[in-house]
Amino acid sequence: MNFKVSSENIEDISAIELLVWNEPQTEYTKGTEMSSLSSIRTEEDTGYHVFQYDDISAKEMTDTIYVCAYANINEQDIYSKPAKFSIF
């Protein structure tokens, strides 16, 4: 699965991570994630940063995962709204 994240107003794009959970959370915060991903590339035409989640086995293809972009900028944690995804 690939995820695209905008980096508006974030100068240091290496600070952006995509946090991943396999179950819904009451709070989506750094340190509670199942895994975290770094950007693999930036789309030249849109400027979006692409994250690739490839830690899915064939039997998990229809499972739902929950993701949230995260960055720590000037000692402040910034989160996107969580999103729910499934290949199915």
Output for Cβ contacts, cut-off 8 Å, separation at least six or different chains, first residue in contact (Cβ under 8 Å) with a residue 40 or more places away in the chain in the range 25-44, second open to solvent by 60 Å² or more (accessible area, probe 1.4 Å) and not in a loop (DSSP other than H, G, I, E, B), reads 28/79; 29/77; 29/79; 30/72; 30/77
Is there a residue being under 13 Å from the mean Cα position of the chain (by Cα), under 20 Å from residue 78 (Cα atoms), of a type in the set (Ser, Thr, Tyr) and modelled with pLDDT of 80 or more anywhere in the range 13-29? yes
Just for the range 61-88: of the residues that are over 18 Å from residue 4 (Cβ atoms) and open to solvent by less than 70 Å² (accessible area, probe 1.4 Å), which one is modelled with the lowest pLDDT? 73
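The values are calculated or read from the model by the stated rules, or taken from the named source; none is laboratory data. Since this is a predicted model, take the numbers as computed values, not measurements. Counting neighbours? That spans all protein chains shown, and the Cβs are built from the backbone with ideal geometry, glycine included. To get the accessible areas, we keep the full protein, side chains included, count just its heavy atoms, and leave off ligands, DNA and RNA. Shrake-Rupley method; radii C 1.70, N 1.55, O 1.52, S 1.80 Å.
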